[in-house]
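The values are calculated or read from the model by the stated rules, or taken from the named source; none is laboratory data. Owing to the predicted nature of the structure, the values given are computational and were not obtained by experimental measurement. Cβ placement follows ideal geometry from the backbone for every residue including glycine, while neighbour counts extend to all protein chains displayed.
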Number of protein chains: 2
Amino acid sequence: MRRERFLPGTPAARLALATAVCFGFVAGASSAGAQPTETAGTADPVDRIDLVRAFRQENAPAILREFRELLAIPNVASDSANIRRNADWIASALRRRGVLTEVWTLGGAPPVVYGRLGSEDAQRTLGIYVHYDGQPVDRESWSSPPWEPALLTTSLENGGTRIAWPVRGENPDPESRIYARSAGDDKAPIAAVLAALDALRDAGLTPTSNLVFLLEGEEEAGSDHLGDYLRDHRDELQVDLWLIADGPVHQSRRPQLVFGVRGYSGFDITVYGATRYLHSGHYGNWAPNPALLLSSLLAGMKDASGAVTIADFYADTAPISDEDRAAIAELPDYDSVLRRELGLHSTEADNRPLAETILLPSLNVRGLASAAVGAAARNIIPTEATASVDIRLAKGDDPEVMLDRVEAHIRTQGFTIVRDEPDLETRLAHPRIAKVIRRSGYPAVRTELDHPAVASVKEAARRAAGEAPLMVPTLGGSLPLYLFVDVLEAPVVITPIANHDDNQHAPDENLRLANLWYGVDLMGALLTMP
Amino acid sequence: MRRERFLPGTPAARLALATAVCFGFVAGASSAGAQPTETAGTADPVDRIDLVRAFRQENAPAILREFRELLAIPNVASDSANIRRNADWIASALRRRGVLTEVWTLGGAPPVVYGRLGSEDAQRTLGIYVHYDGQPVDRESWSSPPWEPALLTTSLENGGTRIAWPVRGENPDPESRIYARSAGDDKAPIAAVLAALDALRDAGLTPTSNLVFLLEGEEEAGSDHLGDYLRDHRDELQVDLWLIADGPVHQSRRPQLVFGVRGYSGFDITVYGATRYLHSGHYGNWAPNPALLLSSLLAGMKDASGAVTIADFYADTAPISDEDRAAIAELPDYDSVLRRELGLHSTEADNRPLAETILLPSLNVRGLASAAVGAAARNIIPTEATASVDIRLAKGDDPEVMLDRVEAHIRTQGFTIVRDEPDLETRLAHPRIAKVIRRSGYPAVRTELDHPAVASVKEAARRAAGEAPLMVPTLGGSLPLYLFVDVLEAPVVITPIANHDDNQHAPDENLRLANLWYGVDLMGALLTMP
């Protein structure tokens, strides 16, 4: 029954709507079809979302045709020529819909597409952020070419087979999937908002908010220039709320809104033994073993329950609020399903809910290396051992302060911290040496669940989904959304639409059509929220 | 002054001796030069070693010429044709000296050269073990071709330059070095014993012991067939004492006798997280981190002082005897030099002497791996973490029992031990899983320092070196000498002659001439000990 969630009401309701609205073409035709407009604010919200839903049902073939065009343009951030083609395509698509559009550039960085659509009786200014670049592809691992969009009956894992793209009058199965790079991450919201604009115009409605569009082309390459773009264009980017249209919905397929991301920090640590490999027989029990020293050091950073034991690690972390706990309590209990899928008998902190654990900062050993294991192992005492550690930050945690605390902990374990490979004199001067390389990071972002803007967004998502969305206090992952908060001084809400099993960042990325339709409905609802 | 140690007495003494003895040619000529013989046992031991010394001084060019011939034959165990050439060369060289010789084969394994030389008034039967194979070479890393022996003024590190091989009447500097694979490890003792046999014959002396020669061609490849050879030829190999002519003298250049080797055991351990890499943001703090689990497990195996904390790890270890402690007290304090050379501020067990620590079993993490570090590191939770561990055994320790104790320790830490990659059901059934692969091992060997045979050997080495040899209770390293003890039921004494800085197993292996001369003298003294 779950697959019905994103489907519009009953067949009867659909029929009634189909006769009640007037359909234009999607792109060019619809934006040219000058319908008499009314301010959406005066219509009933439920009516409005039904109008959007009816439009995208009848115009599915045209919406998909336009989406295919966009998906067919290769979009790796380093591919400057094609990245520019994406930006131009998007700018042009927005312009056709009456959006004032600019393409910003900054040195050789991928351009930002900026758009503005004013509304006379706007209640607010709403920012919509999407990124149009995608992860690089390993062509060999894809079942079909990543930039030749293919429509399949269902997912490949479930035996999906290729079908023809629908033509006018055909209504594709919402379980069918579009296979292409960025189908899910993150071109889907572009298709969704374009279709929503068409639907509104077609219904003679204007958005209830001023709209500011910000489309980035460098997200998958690290958003290195996003901060500069935001600082350079601070004035044009003043909004009341940023909608970050990215990421997947819940694993249960229920739609969700996400109100934060974790920050990031991290370090690489190397500890040292002798200056050369030593015969483990001749020198074992005598020469210090760096693999063991590092093991002890890392082991001392977390206790058996998974709590980080570094002093003050949690000192600045914002406490979990009653609203957070209430929202987490509403989330489906998906942990046991995940555990089973991942082969985990149990998880840290006595199986505390995943959604709760990510409200705390984490410390994760992402890699460990010392000499060799397996066939290459030799009977030696390693010269050094290295770990790479990442730290996820919760609201309140400062990336540099966290690293200071880690370093203080390392010092309490008797280590002298150095920044470069230690020379002989340094080695001889200190019993234990740790080279610590601090990686750059950024803080977490959270919009409190009782923020005034949240209620409207939640209601819009409820109307689009036909049920209340899951309210997720934060993503476990990190995105540099602090830039929106720090530079633009506006709150953010993440509005995901893609299916969780969209192979994001991986070969055979795909988008489930039901999720695209939810995206159109969600954008329609957000653009017309009171 | 240290370089003088291996030089024969004073120039005057040398001159006196040169006129007192009659010189033959080395190889063919000397073995054919039928001198009237007397039993060495009736001559004064000091006189006998002076005869040997004088002989090898005057015949140095011929001794080196023969050694060069042997060093020129490539000797990697897997190179069957050349290994056979080595065996034939050695058998022929022994035969020329009156030794009854056989070349034993076993399937495709490198042959063993067996020799026997009887003596009418023999006090005992003495076994002499040498291996004639060498480590494989990385040709590019050598300064000159490994099987084209070169004579240098001194070591390459000290600026040694190539010089001509000496001709009759020339007396090469004892600091010069022969560069060639196996110059030190382990063809040097072959040259030494051949020269010693020549010297005795030349002086009209016969050995005081029956001699049994055992020359192995597979040591550097793991001695896989040595046990079978010994079992197949148990009767021919009955001796009172085995001299294991292998390894280097002390780092201080003082000669040493070694009375044991450590045994070996080891295991590889892998612990598990989720079945696939997990995003460290989405799942960090929730999914168990195998790198951290393994770190904790390893860290719990040794305490801060370096003592192994696995229950009963030391339970069967033979106690350190008063003789051991006395012998260790006589050893030069070389630890601080080593520490400085190796860049170690301090060592385990509060800087306890190296020679004492190797009388205990050790546990060494020889390699560690989990996901990736450095540029390849990603923000994931690893799926597994692996460590490779070797255990060196002291006398009394059983390799399998030690592994049982390690496994018991792992179990006390909450791990279920498996032998194969765990499947999903296994993973779900147990909170912590460790795959433990036990490597095969063998026990340590020690000849107690108060063994009756030890005094004679020590006195022989004293006569050869001109000072009492260091008495080393055990090597830190492992050799399968238990085969001699278990299969042949005879004690062993290791009689090293090579310089410690001979680049054993490495490119530019070399032998310092002073060490070769000590070897000839030592063999002469051992062959004539009362």
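Any chance the range A:468-488 includes a residue that's in a strand (DSSP E or B) and within 13 Å of chain B (Cβ to nearest Cβ)? Within the range A:468-488 (the criterion being in a strand (DSSP E or B) and within 13 Å of chain B (Cβ to nearest Cβ)), the answer is yes, since at least one residue qualifies.
Condition check ((1) part of a strand (DSSP E or B); (2) in contact with a Cys (Cβ under 7 Å, 6 or more places away or on another chain); (3) under 19 Å from A:A307 (Cβ atoms)) across all residues:
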| residue | (1), (2), (3) |
| --- | --- |
| A:A329 | no, no, no |
| A:A349 | no, no, yes |
| A:A385 | yes, no, no |
| A:D390 | yes, no, yes |
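Once the range B:351-368 is narrowed to residues that are farther than 17 Å from A:Y277 by Cα and outside any helix (DSSP H, G or I), the residue that is modelled with the lowest pLDDT is B:R352. In the range A:268-278, the residue that is farthest from the other protein chains (Cβ to nearest Cβ) out of those that are in contact with a helix residue (DSSP H, G or I) (Cβ under 6 Å, 6 or more places away or on another chain) and over 16 Å from B:V389 (Cβ atoms) is A:V271. Quick one: is B:L338 among the aliphatic types (A, V, I, L, M), assigned to a loop (DSSP other than H, G, I, E, B) and under 27 Å from the mean Cα position of the chain (by Cα)? Answer is no for this residue.
Taking the range B:60-87 as the range and being out of contact with any Gly (no Cβ under 8 Å at 6 or more places or on another chain), outside any helix (DSSP H, G or I) and not aliphatic (A, V, I, L, M) as the test, the residues that pass are B:P74, B:S78, B:D79.
Quick test for you: out of B:L354, B:L294, pick the one residue that is touching a Phe, Trp or Tyr at 6+ places or on another chain (Cβ under 7 Å) and in contact (Cβ under 8 Å) with a residue 24 or more places away in the chain.
Working: B:L294 fails: touching a Phe, Trp or Tyr at 6+ places or on another chain (Cβ under 7 Å).
Just a single option satisfies the conditions, and that option is B:L354.
The sole residue among B:G281, B:G260 that is out of contact with any helix residue (DSSP H, G or I) (no Cβ under 9 Å at 6 or more places or on another chain), more than 7 Å from every other protein chain (Cβ to nearest Cβ) and of a type in the set (G, A, S) is B:G260. On the given criteria, is B:L237 outside any loop (DSSP other than H, G, I, E, B) and either more than 11 Å from every other protein chain (Cβ to nearest Cβ) or touching a Cys at 6+ places or on another chain (Cβ under 6 Å) (or both)? Here the answer is no, as B:L237 does not meet what is asked.
When residues in the range B:145-158 are screened for being surrounded by fewer than 14 Cβ atoms within 10 Å (Cβ to Cβ) and either β-branched (V, I, T) or under 23 Å from B:R65 (Cα atoms) (or both), 1 of them pass.
Filter the range A:399-446 down to residues that are assigned to a helix (DSSP H, G or I), among the hydrophobic types (A, V, I, L, M, F, W, C) and touching a residue at least 24 places away in the same chain (Cβ under 8 Å) and give me whichever is nearest to the other protein chains (Cβ to nearest Cβ).
A:L424
Within the range A:430-484, being in contact with a strand residue (DSSP E or B) (Cβ under 8 Å, 6 or more places away or on another chain) and within 16 Å of A:D521 (Cβ to Cβ) holds for A:V457, A:K458, A:A461, A:P469.
State yes or no: is A:L424 touching a Leu at 6+ places or on another chain (Cβ under 7 Å) and hydrophobic (A, V, I, L, M, F, W, C)? No: the conditions fail for A:L424.
Checked against (1) loosely packed, with under 15 Cβ neighbours inside 10 Å; (2) within 12 Å of another protein chain (Cβ to nearest Cβ); (3) of a type outside the set (F, W, Y); (4) under 22 Å from the mean Cα position of the chain (by Cα), B:D333 meets all criteria but (2). Closer than 22 Å to A:G127 by Cβ and not charged (D, E, K, R): is that true of A:L511 in this structure? No; evaluated as a whole, the condition is false for this residue. Please go through (1) at positive phi; (2) within 44 Å of the chain's Cα centre (by Cα); (3) within 8 Å of chain A (Cβ to nearest Cβ) for B:A291 and return the number of the only condition it doesn't satisfy. Exception for B:A291: condition (1).
Could you tell me whether B:Q251 is within 11 Å of chain A (Cβ to nearest Cβ), surrounded by fewer than 24 Cβ atoms within 10 Å (Cβ to Cβ) and more than 30 Å from A:D390 (Cβ to Cβ)? Taking the combined requirement at face value, the residue satisfies it. Among the residues of the range A:364-373, none qualifies, meaning not one is under 30 Å from A:H451 (Cβ atoms) and more than 7 Å from chain B (Cβ to nearest Cβ).
Filtering the range A:240-289 to residues that are part of a loop (DSSP other than H, G, I, E, B), out of contact with any Phe, Trp or Tyr (no Cβ under 9 Å at 6 or more places or on another chain) and under 30 Å from A:D316 (Cα atoms) leaves A:D240, A:G247, A:F259. Among the candidates B:D521, B:D501, the residue that is in a loop (DSSP other than H, G, I, E, B), at negative phi and among the charged types (D, E, K, R) is uniquely B:D501. Among the residues of the range B:346-363, the one identified as more than 7 Å from chain A (Cβ to nearest Cβ) and among the polar types (S, T, N, Q) is B:N351. Here is the figure for the range B:481-490: residues that are touching a residue at least 60 places away in the same chain (Cβ under 8 Å) and surrounded by fewer than 22 Cβ atoms within 10 Å (Cβ to Cβ) total 5. Evaluated against (1) at the interface with chain A (Cβ under 7 Å from one of its Cβ atoms); (2) touching a helix residue (DSSP H, G or I) at 6+ places or on another chain (Cβ under 6 Å); (3) farther than 16 Å from B:K302 by Cβ, B:R378 falls short on exactly one condition, (2).
Pick out, from the range B:88-191, the strands (runs of 3 or more DSSP E) lying fully within it that include 1 or more residues that are modelled with pLDDT of 95 or more, in contact with a helix residue (DSSP H, G or I) (Cβ under 9 Å, 6 or more places away or on another chain) and within 23 Å of B:H505 (Cβ to Cβ). Steps first, please.
Values: elements: B:100-106, B:109-117, B:125-131, B:150-152, B:177-179.
By residue number, B:109-117, B:125-131, B:150-152, B:177-179.
Residue count for the range A:384-394 under the criterion of being touching a Lys or Arg at 6+ places or on another chain (Cβ under 8 Å) and either surrounded by fewer than 23 Cβ atoms within 10 Å (Cβ to Cβ) or facing chain B (nearest Cβ under 7 Å) (or both): the result is 3. For the range B:300-323, does any single residue satisfy the condition of being out of contact with any helix residue (DSSP H, G or I) (no Cβ under 8 Å at 6 or more places or on another chain) and within 7 Å of chain A (Cβ to nearest Cβ)? Among the residues of the range B:300-323, not one is out of contact with any helix residue (DSSP H, G or I) (no Cβ under 8 Å at 6 or more places or on another chain) and within 7 Å of chain A (Cβ to nearest Cβ), which makes the answer no. Residues in the range B:371-383 include none that are more than 17 Å from A:N364 (Cα to Cα) and either surrounded by 24 or more Cβ atoms within 10 Å (Cβ to Cβ) or aromatic (F, W, Y) (or both). Residues in the range B:411-455 that are surrounded by fewer than 20 Cβ atoms within 10 Å (Cβ to Cβ) and among the small types (G, A, S): B:G414, B:A429, B:S440, B:A453, B:A455.
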